[in-house]
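Here's the structure, in structure tokens; my notes come after.
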Amino acid sequence: MSAEYTIVVTGHTFKLSKSQIEFDSPNFFTSHFLNWPDEHTSRELKISRDPYLFTIIMRYLNGYHVLPLHPTLVPPHCTPETALADLRVDAQFYQLNALSSLLSSPKNWEDQLATGYAEISGHYNTASDRLEPTDDINQVVEGFSLKSSSEQEYQTASRQDDFYTVPSNTKGSNISVFYSALLNERIVRRVLQRDGYATFVTNWELLGWQRDYPDQHRRRSSIFIKLWTKPGSMTIGSNADSLA
């Protein structure tokens with residue numbers, strides 16, 4: 001039976017095999033677990049480090065590629081840039097020299113994705129249901145424009161009573177909200193293409209929207225999105241630091 005080692009990172013438990021801790025060795029783990037006369041003396045280690053970052057370390061110890069850092073691996077309290085910097089600090093702490101050198105490469109900083117927020121606002125004429133556009137999608141998109149936003153502005157809007165989010169499924173959901181989400185996604189995609197941002201945006205997420213009716217058959221919407229872009233590749237509006 002192969003040896004198994006337990007590492008408790010700020011209350012989160014991780015199990016590592018001998019082959020994992022010997023990956024990119026000698027390192028902090030081999031010094032603690034293996035550099036003893038009896039390898040089985042201690043198989044548990046408790047440390048006060050970031051468990052989110054250790055999840056990335058675990059992927060690395062499994063031999064997986066961790067760079068460029070995928071947005072889903074970025075800790076919730078970090079931006080992609082700070083996550084990369086903090087990961088380098090932890091690589092040095094764990095004495096993972098190959099990973100530390102990899103993270104110090106300027107190319108990885110150039111390739112790392114940056115996140116930002118944007119708001120796409122406009123209006124269109126509707127049918128009697130106050131939802132279905134009376135014009136085709138190209139004409140609808142002409143009435144929308146994109147501007148830079150921020151996480152704070154999105155959070156403020158999301159707390160309003162007239163803020164809607166994408167339903168997880170149609171079962172038990174208001175079908176008009178589900179349809180609105182589909183229409184808003186089409187609007188976002190067309191606006192990004194029309195304004196030339198599709199080339200620089202590697203991924204985007206529809207966060208939600210606000211809507212009202214200035215008159216009986218006109219719908220006004222403000223659509224909030226999160227964007228992933230290459231750092232410095234684009235700026236929108238006057239809030240340049242929100243997207244670069």
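The values are calculated or read from the model by the stated rules, or taken from the named source; none is laboratory data. All figures in this text were calculated on a predicted structure; none of them were measured in a lab. Don't worry about glycine lacking a Cβ; one is built from the backbone with ideal geometry, like all the others, and counts go over all protein chains shown.
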Completion exercise
Taking the range 48-81 and keeping only residues that are at pLDDT below 95 and among the β-branched types (Val, Ile, Thr), one is left with 66, 72, 74, 79
Practice task
Kindly check whether there is at least one residue in the range 158-175 that is assigned to a strand (DSSP E or B), touching a residue at least 24 places away in the same chain (Cβ under 8 Å) and of a type outside the set (D, E, K, R).
Solution key: yes
Exercise for the section: Return yes or no: is residue 28 touching a Lys or Arg at 6+ places or on another chain (Cβ under 9 Å) and either aromatic (Phe, Trp, Tyr) or under 30 Å from residue 151 (Cβ atoms) (or both)? Expected result: no
Handout entry: Meets criteria (small (Gly, Ala, Ser), modelled with pLDDT under 95, outside the structural domain of residue 201 (by TED's automatic domain parsing) and loosely packed, with under 15 Cβ neighbours inside 10 Å) for residue 101
Key = yes
Handout entry: Count of residues meeting criterion [exposed (fewer than 12 other Cβ atoms within 10 Å of the Cβ) and within 20 Å of the chain's Cα centre (by Cα)] in the range 138-167
Key = 2
Completion exercise
(1) modelled with pLDDT of 85 or more; (2) outside any loop (DSSP other than H, G, I, E, B) all hold for residue 115 apart from (1)
Fill in the blank from the handout: Counting only strands (runs of 3 or more DSSP E) wholly inside the range 1-93, the ones holding at least 2 residues that are crowded, with 16+ Cβ neighbours inside 10 Å are 4-9, 12-17
